[in-house]
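Peer 1: What follows is a structure written as structure tokens; I'll ask about it next.
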Amino acid sequence: MHNEAAQYDALLQTLLKLDDEERHKQLKELSDEQRKVLGYHWRLWARRSQLAPPGDWRTWLILAGRGFGKTRAGAEWVRAMAAADPDARIALVAGSLGEARAVMVEGESGILAVSNAQQYPVYQASLHKLSWPNGAVATLYSAAEPESLRGPQHSHAWCDEIGKWDNASSRAVSSWDNLMLGLRLGDAPQVVATTTPRAVPLVRQLADDASGHTAITRGRTEENREHLPDRFVRDMRRRYGRSPDRRRRRPSSTKRTP
Ligand SMILES: Nc1ncnc2c1ncn2[C@@H]1O[C@H](COP(=O)(O)OP(=O)(O)O)[C@@H](O)[C@H]1O
Ligand SMILES: [Mg+2]
């Protein structure tokens with residue numbers, strides 16, 4: 001048993017040393033058992049564009065097509081932050097509380113789905129709260145209720161599909177602003193915003209942020225096609241034709257705003 005654990009650890013270390021392309025090639029060769037054991041090591045499976053960029057960014061904006069793996073990237077980032085910091089106080093913000101729960105917490109690529117048994121958080125639906133065994137806590141919020149974000153303080157935040165937040169009466173922008181005002185716990189508070197690209201005020205504001213504190217990752221659905229049902233990829237192509245995925249042939253990229 002001990003020996004087996006050591007073998008998996010050796011395999012893990014070997015795989016982690018490979019570059020992205022070679023690693024993904026070898027991952028395809030794993031047995032079901034190996035896949036199961038190594039499944040929770042996100043750094044093995046993630047594409048580089050799904051891992052937090054280096055540097056002292058305050059906001060990481062992932063602007064990418066449906067199915068790229070944005071929600072997965074957000075959920076994995078939250079899981080890693082919670083595991084690393086027992087004092088983490090994390091805000092999870094979606095267009096509604098129902099979506100925060102259904103997508104960010106309980107969704108197929110949400111926090112519970114990506115959590116392993118040793119660090120599995122308890123979800124208390126009535127309190128809109130997730131608690132990790134080490135003491136880290138996440139609270140769910142609705143971007144439709146900016147007032148609920150006025151007051152609470154956080155060390156981290158993940159905001160999903162900010163392009164779809166209802167901005168009637170500037171609600172989306174107010175929710176973001178209130179969240180930012182309360183993002184002041186810990187040494188270096190950070191927020192990850194994941195969204196399909198949309199020309200709405202909040203997304204524009206972040207994409208154009210010239211403070212130098214925002215890192216932006218852009219990506220395409222196709223990059224994750226290996227993990228998407230064929231039918232999904234076909235539907236996306238049919239629906240959007242040669243747009244934006246096909247037209248923009250650049251691979252995903254991350255850059256700091258000037
Ligand atoms: N690097 C990856 N390796 C394996 N599966 C992935 C990876 N990235 C995403 N997925 C899976 O692909 C599917 C789509 O990802 P999701 O995060 O829901 O996309 P998006 O939020 O961009 O629409 C999910 O089932 C997710 O778990
Ligand atoms: Mg998503």
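Peer 1: How much of the DSSP beta bridge set in the chain is antiparallel, as a percent to the nearest 5? Mind showing how you got there, number by number?
Peer 2: Details: 10 of 37 bridges.
Antiparallel bridges: around 25 percent, rounded to the nearest 5.
Peer 1: Hey, another quick one. State, to one decimal in nm, how far the label point of Asp208 lies from the label point of Ala6, with both points 7 Å from Cα in the Cβ direction.
Peer 2: 6.0
Peer 1: Quick one: work out the % antiparallel among DSSP beta bridges in segment 128-230, nearest 5. List each step's numbers first, then the result.
Peer 2: Values: 3 of 9 bridges.
Within segment 128-230, antiparallel bridges account for around 35 percent of the total.
Peer 1: Viscosity 0.890 mPa s, temperature 25 °C: what is the translational diffusion coefficient of segment 57-180 from Stokes-Einstein with a Kirkwood Rh over Cα pairs, rounded to a whole number of µm²/s?
Peer 2: So the translational diffusion coefficient is about 170 µm²/s.
Peer 1: Where the only charges are on Cβ atoms (+1 Lys, Arg; -1 Asp, Glu), what is the dipole of segment 101-255 about its Cα centre, to the nearest 20 debye? Don't skip to the answer; put the middle values down first.
Peer 2: Values: 23 positive and 17 negative charges, 196 e Å.
It works out to roughly 940 debye.
Peer 1: Stokes-Einstein diffusion coefficient for the chain at 10 °C in a medium of 1.306 mPa s, Rh from the Kirkwood formula over Cα pairs: what value in µm²/s?
Peer 2: Working: Rh = 19.2 Å.
Rounded, D is 83 µm²/s.
Peer 1: For a test of understanding, tell me how many lysine pairs in the chain have Cα atoms under 30 Å apart, given they are 8 or more places apart or on different chains.
Peer 2: 18
Peer 1: For labels at Arg150 and Arg198 in the simple 7 Å Cα→Cβ model, what's the distance in nm?
Peer 2: Label at Arg150, label at Arg198, 2.4 nm between them.
All of the numbers you see were taken from the coordinates with simple rules; none came from a lab. This one's a predicted model, so the numbers in the text were calculated from it and none came from an experiment. Every residue, glycine as well, gets a Cβ built from its backbone with ideal geometry; the counts of neighbours run over all protein chains shown.
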